[in-house]
Amino acid sequence: MKIIAADVIVTSPSRNFVTLKITTNDGVTGLGDATLNGRELAVAAYLREHIVPLLLDRDPHRIEDTWQFLYRSAYWRRGSVTMAAIAAVDMALWDIKGKVAGLPVYQLLGGASRTGLAAYGHASGRDIPELFDSIKMHLEDGYTHIRVQTSIPGVRAVYGVAAQTQSSGERYDYEPASRGALPVEEDWDTRAYLRHLPGVFEAVRNEFGPTLPLLHDGHHRMTPIQAAKLGKSLEPFDLFWLEDCTPAENQEALRLVRQHTTTPLAIGEVFNTVWDFQLLIREQLIDYVRAASTHFGGISPLKKVMDYAAQYQIKSGFHGPTDVSPVGLAAQAHVGLAIHNFGVQEYMAHSDRTNSVFEQTMTFKDGSLHPGDAPGLGVELNEEAAAAFPYQQAYLPYNRLADGTMHDW
Ligand code: KDG
Ligand code: MG
C-alpha cells in the first residue's frame, strides 16, 4: 500500500480550518487537522510546499516512522506550525490504518477504557444573573462539568465571555472576536480580576451547590505570585481545575504556585511536544495535561505524553475549543476513550455549518462524548460543501494594560 495523493483543504464554514487528506493507491482516504488559529495559511503552505512531496509513495502504515522522519529530517524542531503540520499527517495515517483494519482508532490504541467521555462546556456571563443562566443552559444541554468565565468591573472585554446573551441551543464563538484585516485590541487589569473572581465562585457555589465540577481559565495572565494568590483564594470553592494560571514559557513558575495552593492546575494548550511537559510531569507541578492533538504532533505523541503522565496520576484535559476542527476533536476523543488516565474533555460543539462540512459519527448524549464506531476517526470531509466557504483572514484579539503596555491575551 502506498500514498498516491495528499491534498490540503482550507475552508471557513464558521471559522477557518486546514485539513490534510491523504489518499492511498487502494482508494482509502485519511483526514488530519492542521488548524492553527490566526496563522492557518502558514501551516497550509508548510504542508503543501514541504510535506506533501515527502509523503508520496510512502507506506501509510508506517505511522511512527513517518512521524520521526518528518520531525527529525526537518532539523528545525518543534514550533506550532511544524507540529500542526506533522499532527495532520499523523492523524490521517491513523484514520487510514483504522479504515484498513475495519476498526475505530480507539480500538487500535488499546480499546475503550470507559463508555464515553465526560465533557466540560463554556458558561459565561457579563454579570451574575447572565452567568447563572448560562450555567443552567449548559446543565440542560447535559454538561457535567462547567467552565466559568465572567466579566470584570472596569474591563471592557474579557476572554471567554460571550458578548451577547446566550439562549439554549445557541452557540457562541468568542474566538476570533472579529474577522478582518486587523486583530481587535482588548484591555486587562489583573488586580481587578483577582479581587472580583472569588466572589463570583462563591455566588456560583451558593446557587448550584457543592458537587458541580467547576473550572476556570486564567489564560496565561498572572505572575506566579498572583496565580498562587488566586489558587489560594479559590480553594473554598473546590475547583476541578484552574487552567493556564501563568504563561507557559516559564515552567518553573508552577513550583511557586504549587507551594501555595491545592487548587488543581491544568496547563499546556500552547505546548507542541511531549518534551514541553517533561518538567511539569516529572515534578508533579500540574494535575491535567491540556495538549490538543492538533497542536501537539497528533495522536501518537498525545498517547505517549499521557502514558508518561499516568506514572504520576496526572490526567488528560485535552484542549477542545472550536478552533480544533472536528477531525482534531475526534482524534483526541479516540485517545481519551482508550487511555486509563482520562480526566475530562473540553467540548464547545461546532456550528451546524461546520458540521455540514465535516460529517461525523461523534455523539454527545447525556453529558457523554463518544467518537463513534466507524472505522478510522469517524469524520469525512464534504469537499463540495467545504468549497462554498473560502478562507477569511481572522486574528485572535490581544490585550493592553491601561498605560498601553502589551499583556498576554
Ligand atoms: O485559539 C485560541 C484558543 O484555542 C484558546 O484561546 C482557547 O484557551 C482556550 C480554551 O481553553 O479553550
Ligand atoms: Mg485555555
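The values are calculated or read from the model by the stated rules, or taken from the named source; none is laboratory data. These numbers were taken from a predicted model, which means no experiment stands behind them. All Cβ positions, even for glycine, are placed from backbone atoms using ideal geometry, and neighbour counts span all protein chains on display. Calculation scope for accessible area: heavy atoms of the full protein, side chains included, ligands and nucleic acids excluded. Shrake-Rupley method; radii C 1.70, N 1.55, O 1.52, S 1.80 Å.
Yes or no, residue by residue, for (1) closer than 26 Å to residue 148 by Cα; (2) within 16 Å of ligand 2 (Cβ to nearest atom):
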| site | (1), (2) |
| --- | --- |
| 334 | no, no |
| 340 | no, no |
| 346 | yes, yes |
| 352 | yes, no |
| 379 | no, no |
Study note, to complete from the structure: Exactly one of 298, 268 is within 16 Å of ligand 1 (Cβ to nearest atom) and in the same structural domain as residue 332 (by TED's automatic domain parsing), and that one is 268
Check your understanding: What number of residues in segment 199-231 are within 26 Å of the chain's Cα centre (by Cα) and without any contact (Cβ under 8 Å) to a residue 60 or more places away in the chain?
Key -> 11
Review point. Within segment 209-230, how many residues turn out to be under 20 Å from residue 407 (Cβ atoms) and either open to solvent by 30 Å² or more (accessible area, probe 1.4 Å) or within 16 Å of ligand 2 (Cβ to nearest atom) (or both)?
Key: 14
Check your understanding: Among the residues of segment 212-245 satisfying the criterion of being among the acidic types (Asp, Glu) and more than 15 Å from ligand 1 (Cβ to nearest atom), which is nearest to residue 256 (Cα to Cα)?
Key -> 235
Check your understanding: Looking at 299, 281, which one is touching a His at 6+ places or on another chain (Cβ under 9 Å) and among the β-branched types (Val, Ile, Thr)?
Key -> 299
Check your understanding: Within segment 110-151, restricting attention to residues that are open to solvent by less than 30 Å² (accessible area, probe 1.4 Å) and part of a loop (DSSP other than H, G, I, E, B), which residue is farthest from residue 373 (Cα to Cα)?
Key -> 151
Check your understanding: Of (1) open to solvent by 10 Å² or more (accessible area, probe 1.4 Å); (2) away from ligand 1 (no atom under 13 Å from the Cβ); (3) out of contact with any helix residue (DSSP H, G or I) (no Cβ under 8 Å at 6 or more places or on another chain), residue 303 satisfies all except one. Which?
Key -> (3)
Practice item. Could you please give the count of residues in segment 368-378 that are within 9 Å of residue 95 (Cα to Cα) and out of contact with any Lys or Arg (no Cβ under 8 Å at 6 or more places or on another chain)? Key: 2
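Yes or no: segment 84-101 includes at least one residue that is part of a loop (DSSP other than H, G, I, E, B) and surrounded by fewer than 24 Cβ atoms within 10 Å (Cβ to Cβ).
No, because not a single residue in segment 84-101 is part of a loop (DSSP other than H, G, I, E, B) and surrounded by fewer than 24 Cβ atoms within 10 Å (Cβ to Cβ).
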Review point. Taking segment 245-289 as the region of interest, how many residues are among the acidic types (Asp, Glu) and open to solvent by less than 60 Å² (accessible area, probe 1.4 Å)?
Key: 3
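For segment 290-297, check the following and say yes or no: at least one residue is over 26 Å from residue 9 (Cβ atoms), open to solvent by less than 40 Å² (accessible area, probe 1.4 Å) and of a type outside the set (Asp, Glu).
Here is the first cut: in segment 290-297, the residues over 26 Å from residue 9 (Cβ atoms) are 290.
Checking which are open to solvent by less than 40 Å² (accessible area, probe 1.4 Å) leaves us with 290.
Still in the list and also of a type outside the set (Asp, Glu): 290.
The answer is yes; a qualifying residue exists.
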Point to revise | Qualifying residues in segment 14-37 (those that are in a loop (DSSP other than H, G, I, E, B), at pLDDT 95 or above and touching a Ser or Thr at 6+ places or on another chain (Cβ under 6 Å)) - the one least open to solvent (accessible area, probe 1.4 Å) | key: 35
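Of all residues in segment 255-299, count the ones that are under 30 Å from residue 46 (Cβ atoms), in a helix (DSSP H, G or I) and not small (Gly, Ala, Ser).
Number of matching residues: 11.
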Review point. Scanning for something part of a strand (DSSP E or B) and away from ligand 2 (no atom under 15 Å from the Cβ), does segment 312-328 turn up at least one residue?
Key: yes
